[in-house]
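The values are calculated or read from the model by the stated rules, or taken from the named source; none is laboratory data. What you are looking at is a predicted structure, and each value in this text was computed from that prediction instead of being measured. Note: ideal-geometry Cβ built from the backbone for every residue, glycine included; neighbour counts use all protein chains shown. Note: accessible area is taken over every heavy atom of the protein model, side chains too, but ligands, DNA and RNA are not part of it. Shrake-Rupley method; radii C 1.70, N 1.55, O 1.52, S 1.80 Å.
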Amino acid sequence: MAMRPEVRRRTIVLVAFSLIQWGFVLYILNNQLFNLDTYQRILLFCVSCLGGGFLIMASLLYMVIKGNADNT
């Protein structure tokens, strides 16, 4: 059972997007680009990590469910 190329490509794009957005948020927080207090910084970090983790898990589940080439 081979992985369909379009499913693999979509999964890679979603995983890359989630890692890039997480890195972007970390860059914002580390360089203090916005005027955020400690509570807002913690909240933004937690939301970013949860969103990125959810997107990675959802894309991996999508790859497993839709990835088989012979669904007849």
**Study point:** Percent accessible area from carbon and sulfur atoms, the chain, protein chains only, probe 1.4 Å
**Key:** 70
Exercise for review: Treat each spin label as a single point 7 Å out from the Cα along the C-beta direction, and report the residue 4 to residue 43 distance in nm.
Suggested key: 4.1
**Study point:** Value at 222 nm in deg cm²/dmol, rounded to 500, when DSSP H runs of n ≥ 4 in the chain each add -39,500 (n - 2.57)
**Key:** -28000 deg cm²/dmol
Point to revise | Two-site label geometry, residue 26 and residue 54: point separation in nm, points 7 Å out along Cα→Cβ | key: 2.1
Revision key, fill the gap. For residue 44, the accessible surface traced by a 1.4 Å probe with all protein chains present amounts, in square angstrom to the nearest 10, to 60
Check your understanding: Residues of the chain: accessible area per residue at 1.4 Å, in Å²?
Key -> 78
Review point. Once the chain is represented by equal point scatterers at the alpha-carbon sites, with solvent omitted, what log10 I(q)/I(0) does the Debye formula produce at q = 0.11, 0.12, 0.23 Å⁻¹?
Key: -0.38, -0.44, -0.93
Review point. Listed highest first by mean packing, meaning other Cβ atoms within 10 Å per residue, what order do 7-13, 29-35 come in?
Key: 7-13, 29-35
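Relative contact order for region 3-66: what is it in percent, counting Cα pairs under 8 Å that are at least 6 residues apart?
This gives 56 percent for region 3-66.
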